[in-house]
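Please treat every number below as a calculation from the coordinates, not as lab data. Everything numeric here is computed off the predicted structure, so don't read it as measured data. As a convention, Cβ positions derive from the backbone with ideal geometry for all residues, glycine included, and neighbour counts pool all protein chains shown.
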Amino acid sequence: MVENKAGKSDKDEVVKANKPSEEAGEGSAAKKRSKKIIPPPPVAVFSSLPEDAEIIESYLIHPPFSKVTIAALPELGGGKAYFIEEVELTPEERLILEKLIDIMSIEVEPPKEEKIDSGRYVENEASRLAKKYGLIKRIKRLGENSWSKILYYLNRDLVGFGPLHVLMSDRMIEDISVNGVNLPVYVWHRKYESMPTNLKIIDEKTLDNLLIKLTHLAQKHISTAFPILDAMLPGKDRVAATFRYEVSPKGSTFCIRRFREEPFSIVDLIELGTVDEMLAAYFWLMIENRMTMAIIGGTGAGKTSTLNALASLVKPSMKIVTVEEIPELLLPHENWVQLVSRESYGLGMAKIGEISLFDLVKVSLRYRPDYIVVGEVRGEEAFVLFQAMATGHGGLTTLHAESIEHAVKRLTSPPMNVAESYIPLINVAILQERVQLPRPRMGLTFGRRIREVCEVIDYGKYERIASWNPITDSFNSNFRKSEMLKRIALKYGVSVENVLEELSRRAIFFRDLLASGVRNNSEVKREIMRYYLLNPFPAITLKRAIGG
């Protein structure tokens, strides 16, 4: 592969920027420009797209300044790679960019307003300083597009994430992994999964500075004394990192897990094929009747997305309390209390001011919730959650495990230590996996699927209600076997047939939402409220049961 220096041309030498005072006059500036100075070494490189690459897809990110190309490479055995192309600056444009960065680092104060468009603020300040130091005339001589190119790189390097700017702006990216110096940056793409990019950060100082910038944005600390970071960026992206060579032989590393601004609704999951309409209706009926559910799966299975979609089905009149380590859930409800754990303020082994999930689950019971939602159980908070479920509170949570049996073993082992007699308090166990699809769906060859749904009858006794068929990419369900639907029928004094009719009615409701284009959680919530108003349950079924 041919490697291009990031932001620089292969053929031209770049004149190093001088201090602002040295180029206030045009004559002095012309003299400086006439000197050929060896450019500084590159800090990152973007490899060019090979001629033998098979282009699969291309799209713009910051049109017209950056473009992404997904290509299959023979050298990867036909595997896919992610190529970033950014508009190149001429040596003169690079000179002005570096000068403006130098000037702004000295003269620009941080904005006083908390909520401000940082990009617009940088552009306004750059325009002001370009006029002040006589750079406007030079910019105009370069061409009509030069100033917009310079502004793009100013935003990229000052407000954005430098060489990672395109990756952080691509909404198709789920994860960004920097594994060390002079190694390809890897991404996890929603359509194409894990791929190497054509980006390498080849300067240790640049990588360290980029990591420190991420740490400051997360309002955390990282150093050689405390070289591990687990934090959340302002946009709710999660970052895990190691600093320099303290625990990683390849130098600083980090992984950014992107946060979806608009979480998937249950209708989105139906469209994607994660669930079907009947399963969605079943989950809705379970949640309405305060049944407890656990979503089980491995890393990247989509557990949190499903958790958010199911929690959004909670009846609007019910009170929800969510407990998380990092605030990932985003619900459309107003009667929602969001609790987030807090790390210790102390250094080393000190636990000053720490507030754990265990503490939060305990205090959540004082809020008289109808539903307690725990982002993920992994410790002693599981015991308190099961105590809450035993007292009639509805519960939703996720758990890392490869099967329902493994999940139960985790729950009954340290540090969770849930008694075997408490396991049936989980009414419904949902196993979700990331799978290869038998045929592409919405352009995707991989997807998330609810592999099976089981009702927990007793410890070690599970009734499978539904399962995913990997050949047909469809769900096989038998709701007549459902013990939970029988309990709902008994609760309302109606027959199981009446409950199954309601299940079918709700499945049609979801099918209609999908056909009418209702997608986001707020819209789905509004339609659910209308459904309750027009189709009260069990009023209709009771009327039918007595022959009205």
- Message: Explain nothing, just compute: Karplus ³J(HN,Hα) = 6.51 cos²θ - 1.76 cosθ + 1.60, θ = phi - 60°, for every residue of the stretch 90-100 in order, whole Hz, x for Gly and Pro.
- Response: 6, x, 5, 5, 4, 4, 5, 4, 5, 5, 5
- Item | In Hz, Karplus ³J(HN,Hα) per residue of the stretch 154-171 (6.51, -1.76, 1.60; θ = phi - 60°; x = Gly, Pro) | 4, 5, 4, 8, 9, 9, x, 10, x, x, 8, 4, 5, 4, 6, 9, 7, 6
- Using only the Cα atoms of the stretch 252-403, build the gyration tensor, take square roots of its eigenvalues as a ≥ b ≥ c, and label the shape rounded, prolate or oblate: rounded if a/c is under 1.5, else prolate if a/b is larger than b/c, else oblate. oblate
- Ranking Ser516, Ser341 by Cβ neighbours within 10 Å, fewest first, what do you get? Ser516, Ser341
- Can you put Thr398, Thr90 in order of Cβ neighbours within 10 angstrom, beginning with the fewest? Thr90, Thr398
- Message: Please give the charge dipole size of the stretch 40-109, origin at the Cα centre, charges +1 on K and R Cβ atoms and -1 on D and E Cβ atoms. Round to the nearest 20 debye.
- Response: 160
- Item | Nonlocal Lys pairs with alpha-carbon distance under 26 Å, the stretch 266-477 (8 or more apart, or different chains) | 10
- Task: Give the long-range amide H neighbours of Val275: residues separated by 5 or more places, or on another chain, with amide H under 5 Å away, using H modelled in the peptide plane at 1.01 Å from N.
- Result: Ile270
- Step through the residues of the stretch 288-294 one at a time and calculate ³J(HN,Hα) from phi using the Karplus curve (6.51 cos²θ - 1.76 cosθ + 1.60, θ = phi - 60°), rounding each to whole Hz and writing x for Gly and Pro. 4, 9, 6, 6, 9, 9, 10
- Based solely on its DSSP helices, what 222 nm [θ] is calculated for the chain when runs of n ≥ 4 H residues each add -39,500 (n - 2.57) and the sum is averaged over all residues, nearest 500 deg cm²/dmol? -10000 deg cm²/dmol
- Message: Per 0.36 nm of contour for each residue apart, how much would the distance between Arg260 and Lys112 grow if the chain were fully extended, relative to their Cα-Cα spacing?
- Response: 50.4 nm
- Among the GluC sites (Glu not before Pro) in the stretch 259-329, which ones are in a DSSP loop with at most 13 other Cβ atoms within 10 Å of the Cβ? Mind listing them? Glu261
- Could you count how many Lys pairs in the stretch 73-166 have their Cα atoms under 14 Å apart, skipping same-chain pairs fewer than 8 positions apart? 4
